[in-house]
Amino acid sequence: MRKGFYVVVFICVGMLFFSTGCTDKKPVASDTTDVVKPDTDTTALDTLEEIMEETPIPKAADELFDDFIYNFLGNRKFQKSRIMWPLSTTSAAGTKLVQAKQWKQESLFLPQSYYTLILDSRKELKLSKDTSVSHVVVEQIRLEEQLVKSFHFDRREGQWKLTKVSTTSVGQNRNASFLTFYDKFSTDSAFQAESLAESIAFSGPDPDDEYKDLHTNITPDDWWYYGPTDLPQGVIYNIIYGEKAAVGKKKYFLLRGIANGQEMEMTFQRVGEDWKLTGVVE
């Protein structure tokens, strides 16, 4: 059973956000239940940045946002060149304009080697491959602080640029109900047990045979044997491609590895005022 998730930074020269150059790498598994936090190994991150800054930015990087954002986060010089100065930043304290000399590089989810997505429909996944998308918002969701820092990107004259940063409360977010639920689901084992559906569709590695996959339904009693035990806590991310449709009663919570092809999907269904976990795909 894959009890750990992505806890290392994968370094591949010239790789793009979803490059397959490192797909033979396996995620390092952990049998602990520690909180998943960004990798704080600054040496590894500095090495990654050095490699990226020495690697020419491909012209195709502006076609898909996923390719652009990887270069934007990992290349300091490229990042500064793709920000609309002065940058408008808005929070509860008001709006201010940030000049280039005041800017500190944003690495967001890059150091932790994975990121998360919160979707209302699987159809939204297609938008990440849609070259006609011209507006994307990357949300840094700070659950402990109950804040969402949103980075707004727009494609202008064929180039993606950061055009605005805004910070709001979790309560103002379109996923407010789910985020409040997930914060407790990922940190409170008793609450997590109460939030499991009577039958959970499971697809993933067989705990008793690492070479075999299972496609079955499990009960809450089986969850601790089959399910992941190291869900991200504290700070998670979300990427919104284009304009979102109305908020639904189902959420797909995805964990995606950067450049290694690994992915886990959890499905939650709104039942009355509560959210229930109904499916897992590892």
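The values are calculated or read from the model by the stated rules, or taken from the named source; none is laboratory data. For clarity, every value in this text was computed on a predicted model and none was experimentally measured. Neighbour counts are summed over all protein chains in view; Cβ atoms, including those assigned to glycine, are modelled from backbone coordinates with ideal geometry. Note: accessible area is taken over every heavy atom of the protein model, side chains too, but ligands, DNA and RNA are not part of it. Shrake-Rupley method; radii C 1.70, N 1.55, O 1.52, S 1.80 Å.
Assuming 0.36 nm per residue, please report the length gained on full extension of the stretch Thr167 to Trp85 beyond their Cα-Cα distance. Please report the intermediate quantities before stating the final value.
Numbers: separation 82, 0.36 × 82 = 29.52 nm, distance 1.83 nm.
Roughly 27.7 nm would be gained on extension.
Arranged from highest to lowest average of other beta-carbon atoms within 10 Å per residue, in what order do the peptides 220-227, 273-280, 255-262 appear? Don't skip to the answer; put the middle values down first.
Details: 220-227: 14.9, 273-280: 16.4, 255-262: 21.2.
Those peptides, ordered most packed to least, come out 255-262, 273-280, 220-227.
Are any of the pairs Lys101/Lys149; Lys149/Lys244; Lys77/Lys244; Lys184/Lys250; Lys164/Lys276; Lys164/Lys184 more than 24 Å apart by Cα-Cα distance, and if so, which?
Values: Lys101/Lys149 21 Å; Lys149/Lys244 18 Å; Lys77/Lys244 31 Å; Lys184/Lys250 18 Å; Lys164/Lys276 35 Å; Lys164/Lys184 30 Å.
Among Lys101/Lys149; Lys149/Lys244; Lys77/Lys244; Lys184/Lys250; Lys164/Lys276; Lys164/Lys184, the Cα-Cα distance tops 24 Å for Lys77/Lys244; Lys164/Lys276; Lys164/Lys184.
Keeping all protein chains in position, work out how much accessible area Lys129 exposes to a 1.4 Å probe, and write it in Å² to the nearest 10.
Surface accessible to solvent at Lys129 totals approximately 120 Å².
Beyond 16 Å, how much of the Cα-Cα pair distribution for segment 136-218 remains, as a whole percent? Please list the in-between numbers first.
Details: 2340 of 3403 pairs.
For segment 136-218, the share of Cα pairs beyond 16 Å comes to 69 percent.
Nothing charged except the Cβ atoms of Lys and Arg (+1) and of Asp and Glu (-1): what's the magnitude of the dipole of segment 159-277 about its Cα centre? Round to the nearest 20 debye.
Values: 12 positive and 17 negative charges, 222 e Å.
In debye, rounded to 20, segment 159-277 gives about 1060.
For segment 88-205, what's the radius of gyration and Dmax over Cα atoms, in angstrom?
Computed over the Cα atoms of segment 88-205, radius of gyration and Dmax are 17.5, 55 Å.
If I model a spin label as a point 7 Å beyond the Cα along the Cα-Cβ vector, how far apart are those points for Asp188 and Gln99 in nm?
In this crude label model, Asp188 to Gln99 measures out at 4.8 nm.
Tell me the Rg and the Dmax, in Å, that the Cα atoms of segment 65-107 produce.
11.6, 33
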